2 protein chains.
Amino acid sequence: MFAPRGSTAEVEEGRVLAPKFDADGLVTCVTTDARSGEVLMVAHMNAQALANTMATGEAWYFSRSRRNLWRKGESSGHVQKVVEMRIDCDQDAVWIKVEQAGPGACHTGRRSCFYRAVPVGEGAGTRLEFRDAERVFDPGIVYAGRTRSGDC
Amino acid sequence: MFAPRGSTAEVEEGRVLAPKFDADGLVTCVTTDARSGEVLMVAHMNAQALANTMATGEAWYFSRSRRNLWRKGESSGHVQKVVEMRIDCDQDAVWIKVEQAGPGACHTGRRSCFYRAVPVGEGAGTRLEFRDAERVFDPGIVYAGRTRSGDC
């Protein structure tokens, strides 16, 4: 489905898409809000999810916990329209900038999955602090009677 | 070093840091520029890298290819000062916003590792397109006589 891996120079400086799938057949995907720049979620794509995302312009992922391909929003309606996709130097991670349909990306009802801060610096402790954590939808309503197909 | 994993509710709605390290003992880290919001790189942290980052306020990673703990910038001088760290809903990914020392984060000499766009949409083809790909430093000079300690 994708080109085989070439030399380091070909992978880093070439125009050939040759993703480096890990032992589980996955690349990492970072998804940001195309307008705000906020990181909405981090997920994974197998070859099929990557191909589907490229072909349809909507985000598809592979759930590591449920072991299934899923289209973001297929349960919740909160689909993600891809505005731009980038790939990194060694081609084992992609970055998609998306227009998020609906109020939020996270299955807990928040806009982003990253709603807690980790303390940093000497003597900062280890307690998480909720930040930008307001619920923008009620998961109990959005997923009522539906099976969540993916992780987020 | 970190708390054991609790129930889903505890992991998602609690204040206890209980990272979900994968089979290789790693969590994913997304690193963005604190000012521009641009995604600079995606890397991994083992427990020690995460602990070091929290304690020192500088980014530490674990290289999957070199199998070693590394402090970002220890070869290049391009250290990353952590302005804020977030963790996601299921605690298997962190997001750090950093002040990047030096001109860029990528070992190829670019500001970001994500200097190529992947075509998206029907009939878009598969050729990568260089975007924001100007070199801001010369890796041959920066790494001259030094061993690169990590992936990027």
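A search for C-beta distances below 6 Å between a residue of segment A:18-32 that is assigned to a loop (DSSP other than H, G, I, E, B) and any residue that is of a type in the set (Gly, Ala, Ser) and surrounded by fewer than 16 Cβ atoms within 10 Å (Cβ to Cβ), counting only pairs 6+ apart in sequence or on different chains, returns A:Ala18/A:Ala3. If you take the residues in segment B:59-115 that are within 12 Å of another protein chain (Cβ to nearest Cβ) and among the acidic types (Asp, Glu), which one is farthest from A:Ala133 (Cα to Cα)? Ranking the candidates gives B:Asp92 first.
Suppose the filter is surrounded by fewer than 23 Cβ atoms within 10 Å (Cβ to Cβ), acidic (Asp, Glu) and either under 14 Å from the mean Cα position of the chain (by Cα) or farther than 27 Å from A:Met1 by Cβ (or both); does B:Glu99 pass it?
Numbers: surrounded by fewer than 23 Cβ atoms within 10 Å (Cβ to Cβ): yes; acidic (Asp, Glu): yes; either under 14 Å from the mean Cα position of the chain (by Cα) or farther than 27 Å from A:Met1 by Cβ (or both): yes.
In short, yes.
Taken residue by residue, segment B:4-13 has no member that is under 14 Å from the mean Cα position of the chain (by Cα), at pLDDT 95 or above and crowded, with 16+ Cβ neighbours inside 10 Å. The number of residues in segment B:70-109 being of a type in the set (A, V, I, L, M) and within 20 Å of A:Thr126 (Cβ to Cβ) comes to 7. The residue of segment B:14-42 that is nearest to the other protein chains (Cβ to nearest Cβ), among those that are surrounded by 20 or more Cβ atoms within 10 Å (Cβ to Cβ) and more than 25 Å from A:His107 (Cβ to Cβ), is B:Met41.
Could you please let me know if B:Gly123 is closer than 30 Å to A:Ala51 by Cβ and more than 8 Å from chain A (Cβ to nearest Cβ)? Give the derivation first.
Details: closer than 30 Å to A:Ala51 by Cβ: yes; more than 8 Å from chain A (Cβ to nearest Cβ): yes.
Taking the combined requirement at face value, the residue satisfies it.
Checked against (1) surrounded by fewer than 22 Cβ atoms within 10 Å (Cβ to Cβ); (2) facing chain B (nearest Cβ under 10 Å), A:Cys152 passes all but a single condition, namely (1).
Suppose the filter is buried (at least 18 other Cβ atoms within 10 Å of the Cβ), in contact with a Pro (Cβ under 7 Å, 6 or more places away or on another chain), of a type outside the set (Asp, Glu) and within 30 Å of B:Arg116 (Cβ to Cβ); does A:Gln91 pass it? For A:Gln91, the condition - buried (at least 18 other Cβ atoms within 10 Å of the Cβ), in contact with a Pro (Cβ under 7 Å, 6 or more places away or on another chain), of a type outside the set (Asp, Glu) and within 30 Å of B:Arg116 (Cβ to Cβ) - is met. Which ones in segment A:50-83 are of a type outside the set (Ser, Thr, Tyr) and surrounded by 24 or more Cβ atoms within 10 Å (Cβ to Cβ)? Within segment A:50-83, A:Leu50, A:Ala59, A:Trp60, A:Phe62, A:Lys72, A:Gln80 qualify.
Does B:Phe137 satisfy being of a type in the set (Phe, Trp, Tyr), over 30 Å from B:Phe2 (Cβ atoms) and within 12 Å of chain A (Cβ to nearest Cβ)? It is false that B:Phe137 is of a type in the set (Phe, Trp, Tyr), over 30 Å from B:Phe2 (Cβ atoms) and within 12 Å of chain A (Cβ to nearest Cβ).
The values are calculated or read from the model by the stated rules, or taken from the named source; none is laboratory data. This is a predicted model, so every value here is computed, not measured. Ideal geometry is used to build each Cβ from the backbone, glycine not excepted, and the neighbour counts take in all protein chains shown.
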